[in-house]
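Trainee: Have a look at this one.
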Amino acid sequence: MLSDPHRLLKAISYAAEQHVRQRRKGVPSGTHKRTPYINHPIRVATLLARAGIEDIDILSAAILHDTVEDTDTTPDDLRRKFGETITNIVLEVTDDKSLSKAERRLLQIQHAPQLSDAAALVKLADKVDNIRDLIEEPPDWTATRVKEYFQQARQVVDGLQNPHPNLLQWFNAHYAQRPTFDK
Ligand code: ZN
């Protein structure tokens, strides 16, 4: 069995390779290039660490949370490399991409109350970083899409059982800064 830091570093290395061709959605501003995708899972794990979470399985799952949804990584790949506990957390927060966007949104809201404690932490930290990104590096989305994203994130977070107080506070602080749109 690998030591804890070694397992976490292995997860970072693997996720970086799997996401290598992806970039975050933000529009380039000035001379900045769009952020490499891996910065998002690293930020999600960092938020959890800042909130006091030290469980390496949870931090590793945060690093890997978008690999099955957004890359060609399969659940079996994760099981072989990282074991059952981490894989199960990742799968709990993975959307079924064969469904429509609207169905996936609805299922996320419906599943939120049933998430395990570990998956709920990853889900909440993911939403914190996603809405922070929408505010700080706005993508080229329509006003309706931005508004719907904030609404859905709010509904998912409100459905979580016992949301972590620090993460919830950060979510609320970003949510309060959401853009308001002229009618
Ligand atoms: Zn994510």
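Laboratory data are not the source of any read-out in this text; all were calculated from the coordinates shown. The structure displayed is predicted, hence computed values, not measured ones.
Trainee: Divide by every residue of the chain the summed helix terms, -39500 (n - 2.57) for each DSSP H run of at least 4, and state the resulting mean residue ellipticity at 222 nm, rounded to the nearest 500 deg cm²/dmol.
Mentor: When only DSSP H runs of four or more count, the value is -20500 deg cm²/dmol.
Trainee: Separate question: Could you derive backbone 3J(HN,Hα) for region 6-11 from the dihedral phi with the Karplus parameters 6.51, -1.76 and 1.60 (θ = phi - 60°), listing whole Hz in sequence and x where the residue is Gly or Pro?
Mentor: Values per residue, Gly and Pro as x: 5, 5, 5, 5, 5, 5 Hz.
Trainee: Enumerate the calculated ³J(HN,Hα) couplings along region 49-57 in order (Karplus 6.51 cos²θ - 1.76 cosθ + 1.60, θ = phi - 60°), each rounded to whole Hz, writing x wherever the residue is Gly or Pro.
Mentor: So the J values, rounded to whole Hz, are 5, 5, 7, x, 7, 10, 5, 5, 5.
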